[in-house]
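For reference, the structure is listed below as structure tokens.
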Amino acid sequence: MMQVQCDECGKKYRIDESKIPAGQRARFKCKACGEVIVVVRQQSPQTVPDSAADSAAPSQSSSEQGDFSGSGAKEQFQKSSVASLAGTDDPGSSQTEPSDQGLGTQSIFVPKQKRGRVGLSFKVVTLMLLVSLIPFVTFWAVLFRQTDAQLQTEKERLMAQIAKGLGDQVDEWIDKNVRVLQAAAQMPAIISMDKEQQEPILKAIQHAYPYMYLVFTVDTTGMNTARNDGKPLKDYSDRQYYQDIMRGKKLAWQTLIGKTSKKPALVLAVPIKRGNTVVGVMANAMRVDAISSRIATWRDGKTGVAFLVDDKGKVVAHFRKEYYLKQKNLSQHPLIQAFHHKVPGLIRFVSEKGVPTVGFVNGTKYGWALAVQQDADEAFSIIRRMRFLAFLVFAITPILVALIAWLAARSIVKPIKELTDAAEHMSLGDLNVQITPKSRDEIGQLADAISRMQDSLRLSLERLRRRKATVRSSSM
């Protein structure tokens with residue numbers, strides 16, 4: 001009798017190995033957990049070579065109680081045999097056969113391999129994915145968010161610089177014209193408010209600055225005193241710039257449709273003083289094109305544009321020509337509203353075409369608003385490309401890590417499986433199995449140890465054969 005133990009629940013059984021044909025195997029189910037237990041009885045070393053497990057290919061048939069295969073015939077245990085096979089689970093009642101029978105028969109208990117368990121390859125791949133991807137994902141998320149925020153900040157800063165730069169150009173241009181008017185207003189010929197004395201100076205100014213299509217003076221009643229073009233004098237008392245100067249302003253301006261040019265114009269005006277008394281107004285009129293050519297022609301990419309409005313919201317310069325020709329009022333434009341409400345930073349809005357747009361608005365020293373805008377897709381195209389590359393890297397990295405992990409796991413698991421198969425064959429009596437792994441790492445050391453164990457088993461079996469031969473010869 002031999003004793004076996006269920007590998008699943010630990011229940012023990014005593015098996016009558018004499019009922020198992022030599023070189024065959026028997027299977028039966030554990031009464032406690034239903035696990036299939038396999039028992040193999042090898043042929044006697046006297047009649048079967050060391051490679052008996054290979055020379056006799058066992059055939060299997062299944063039965064809940066157990067079944068066995070002979071050479072070319074099948075035989076099943078009867079219920080009595082099964083009862084004898086799984087006779088008792090009392091480990092204390094284990095019996096052994098006589099030594100002579102033990103020498104002639106080897107019985108090996110082979111537990112069925114459990115299914116459904118996670119393999120080493122899966123564990124290695126999962127571990128490498130977790131170890132590599134968790135820090136990567138964390139770093140990627142933090143870096144991506146920081147980079148995205150930084151790029152948006154840089155875009156806002158760039159738009160702010162552009163708006164300020166264009167605004168500075170407008171201020172410089174207006175300052176230059178104001179200085180010309182102020183210098184002329186202090187000349188005695190202009191202060192005299194005499195037409196004959198003023199006209200030569202007015203003509204000289206227009207000749208020096210051709211974009212000033214009209215340079216003129218107005219008396220305190222609003223009537224035109226002198227002008228550079230020699231045309232009939234006009235009444236300008238209804239103009240806002242005249243009224244502002246007469247109220248005490250040192251500088252006044254107005255965007256309007258010129259009475260002379262019949263086109264959009266910007267008029268700048270300064271007071272003419274004799275001592276502390278205002279005796280008239282010195283003014284010049286410039287077509288809006290002079291400013292629009294500086295602002296409206298600015299471009300950034302395909303959709304980046306700029307425009308300028310005065311303190312009343314009327315267009316001074318715009319990338320759409322019809323806007324400044326009609327002096328369109330843009331007081332309700334999101335950027336202009338943000339300027340009046342002093343909303344800082346980058347402004348996001350939807351354009352007239354329904355396109356998401358971003359912009360920045362900056363005020364000039366004269367209270368005008370210089371706005372820069374661009375379609376959001378184009379403005380943040382670099383962010384969109386960066387996001388695409390980031391997601392691409394994020395998608396490829398797990399695949400590469402999994403592939404590398406699988407190759408690494410395979411290089412580890414494959415030799416372990418080979419050594420496991422070799423040990424399995426050795427457990428069935430095949431001591432001539434070849435030990436293939438020959439690496440210099442720990443697996444190679446394990447292979448060497450199993451190879452030495454193989455040699456030791458051969459020597460042990462040889463000693464047993466010689467001892468048995470000696471016993472038989474002495475008994476004879």
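State which residue is farthest from Lys326 (Cα to Cα) when the search covers only the range 244-258 and only residues that are surrounded by fewer than 16 Cβ atoms within 10 Å (Cβ to Cβ) and of a type outside the set (A, V, I, L, M).
Gly248
Return the total of residues in the range 392-402 being farther than 14 Å from Ser132 by Cα and crowded, with 16+ Cβ neighbours inside 10 Å. Quick ask: steps written out before the conclusion?
Going residue by residue through the range 392-402, those that are farther than 14 Å from Ser132 by Cα are 392.
Now drop any that are not crowded, with 16+ Cβ neighbours inside 10 Å, which leaves none.
Matching residues across the range 392-402 total 0.
So which of Arg385, Arg466, Arg458 ends up being among the charged types (D, E, K, R) and surrounded by 12 or more Cβ atoms within 10 Å (Cβ to Cβ)? Before you say what the answer is, go through the steps one by one.
Values: Arg385 fails: surrounded by 12 or more Cβ atoms within 10 Å (Cβ to Cβ); Arg466 fails: surrounded by 12 or more Cβ atoms within 10 Å (Cβ to Cβ).
Being among the charged types (D, E, K, R) and surrounded by 12 or more Cβ atoms within 10 Å (Cβ to Cβ) holds for just one of Arg385, Arg466, Arg458, which is Arg458.
Given the conditions (1) open to solvent by 40 Å² or more (accessible area, probe 1.4 Å); (2) part of a helix (DSSP H, G or I); (3) in contact with a strand residue (DSSP E or B) (Cβ under 9 Å, 6 or more places away or on another chain), report the number of the one that Asp229 does not fulfil.
Failed condition: (2).
For the range 297-354, what are the residues that are in a strand (DSSP E or B) and within 40 Å of the chain's Cα centre (by Cα)? Give the steps one after another, and end with the answer.
To start, the set of residues in the range 297-354 that are in a strand (DSSP E or B) comprises 300, 304-309, 314-317, 329, 347-350.
Residues satisfying the conditions are Asp300, Gly304, Val305, Ala306, Phe307, Leu308, Ile347, Arg348, Phe349, Val350.
Scan the range 137-155 residue by residue and report those that are open to solvent by 60 Å² or more (accessible area, probe 1.4 Å) and not basic (Lys, Arg). Walk me through how you get there before you give the answer.
Going residue by residue through the range 137-155, those that are open to solvent by 60 Å² or more (accessible area, probe 1.4 Å) are 138-139, 142-143, 145-146, 150, 153-154.
Of everything in the range 137-155, those that are open to solvent by 60 Å² or more (accessible area, probe 1.4 Å) and not basic (Lys, Arg) turn out to be Thr138, Phe139, Val142, Leu143, Gln146, Gln150, Thr153, Glu154.
From (1) free of Cβ contacts under 8 Å to residues at least 24 places away in the same chain; (2) open to solvent by less than 20 Å² (accessible area, probe 1.4 Å); (3) under 20 Å from Asp168 (Cα atoms), pick out the condition that doesn't hold for Lys342.
Looking at each condition in turn, Lys342 falls short on (2).
With respect to Arg467, is the statement that it is farther than 30 Å from Phe122 by Cα, in contact (Cβ under 8 Å) with a residue 12 or more places away in the chain and part of a helix (DSSP H, G or I) true? Talk me through it step by step, then tell me what you get.
Numbers: farther than 30 Å from Phe122 by Cα: yes; in contact (Cβ under 8 Å) with a residue 12 or more places away in the chain: no; part of a helix (DSSP H, G or I): yes.
No; evaluated as a whole, the condition is false for this residue.
Kindly indicate the residue of the range 102-136 that is open to solvent by less than 60 Å² (accessible area, probe 1.4 Å), in a helix (DSSP H, G or I) and at pLDDT 70 or above and also nearest to Ala423 (Cα to Cα) among those meeting that condition.
Filtering first and then ranking leaves Ser121.
Can you say whether Arg227 is more than 30 Å from Gln373 (Cβ to Cβ), touching an Asp or Glu at 6+ places or on another chain (Cβ under 9 Å), basic (Lys, Arg) and in contact (Cβ under 8 Å) with a residue 24 or more places away in the chain, as far as the supplied structure shows? First the steps, then the outcome.
Numbers: more than 30 Å from Gln373 (Cβ to Cβ): yes; touching an Asp or Glu at 6+ places or on another chain (Cβ under 9 Å): yes; basic (Lys, Arg): yes; in contact (Cβ under 8 Å) with a residue 24 or more places away in the chain: yes.
Spelling it out, Arg227 is indeed more than 30 Å from Gln373 (Cβ to Cβ), touching an Asp or Glu at 6+ places or on another chain (Cβ under 9 Å), basic (Lys, Arg) and in contact (Cβ under 8 Å) with a residue 24 or more places away in the chain.
Just checking, does the range 213-220 include any residue being surrounded by 14 or more Cβ atoms within 10 Å (Cβ to Cβ), more than 60 Å from the chain's Cα centre (by Cα) and in a loop (DSSP other than H, G, I, E, B)?
yes
Scan the range 163-176 and tell me whether some residue there is over 21 Å from Lys365 (Cα atoms) and in contact (Cβ under 8 Å) with a residue 24 or more places away in the chain. Break it down stepwise before answering.
From the range 163-176, those over 21 Å from Lys365 (Cα atoms) are none; that's our starting set.
No, every residue in the range 163-176 fails to be over 21 Å from Lys365 (Cα atoms) and in contact (Cβ under 8 Å) with a residue 24 or more places away in the chain.
I want to confirm something. Restricting to the range 295-339 and keeping residues that are within 20 Å of Trp173 (Cα to Cα) and hydroxyl-bearing (Ser, Thr, Tyr), which single residue is surrounded by the fewest Cβ atoms within 10 Å (Cβ to Cβ)?
Here the residue is Thr297.
Select from the range 250-288 the residues that are in a loop (DSSP other than H, G, I, E, B) and touching a residue at least 24 places away in the same chain (Cβ under 8 Å) and list them in ascending order. Don't jump to the end; show me each part of the working.
Here is the first cut: in the range 250-288, the ones in a loop (DSSP other than H, G, I, E, B) are 250-251, 258-263, 275-276, 288.
Within the range 250-288, Leu251, Gly258, Lys259, Thr260, Ser261, Lys263, Val288 qualify.
Among the residues of the range 403-417, which ones are among the small types (Gly, Ala, Ser) and open to solvent by 30 Å² or more (accessible area, probe 1.4 Å)? Show your work before the answer.
Of the range 403-417, the ones among the small types (Gly, Ala, Ser) are 405, 408-409, 411.
Selection gives Ala408, Ser411.
Considering the range 128-140 alone, what residues qualify as being hydrophobic (A, V, I, L, M, F, W, C) and free of Cβ contacts under 8 Å to residues at least 12 places away in the same chain? Spell out the reasoning first.
Within the range 128-140, the first condition is being hydrophobic (A, V, I, L, M, F, W, C), and the residues that meet it are 128-131, 133-134, 136-137, 139-140.
Result: Leu130, Val131, Ile134, Phe139.
For (1) acidic (Asp, Glu); (2) modelled with pLDDT under 80; (3) more than 30 Å from Ser132 (Cα to Cα), each residue gets a yes or a no:
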position: Ala390; (1), (2), (3): no, yes, no
position: Ile404; (1), (2), (3): no, no, no
position: Ala422; (1), (2), (3): no, no, yes
position: Lys438; (1), (2), (3): no, yes, yes
position: Arg463; (1), (2), (3): no, no, yes
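The values are calculated or read from the model by the stated rules, or taken from the named source; none is laboratory data. Being a predicted model, the structure only gives us computed values, none of them experimental. Methodologically, a virtual Cβ is constructed for each residue, glycine included, from the backbone with ideal geometry; neighbour enumeration extends over all protein chains shown. Just the protein is used for accessible areas: all its heavy atoms, side chains included, with ligands, DNA and RNA removed. Shrake-Rupley method; radii C 1.70, N 1.55, O 1.52, S 1.80 Å.
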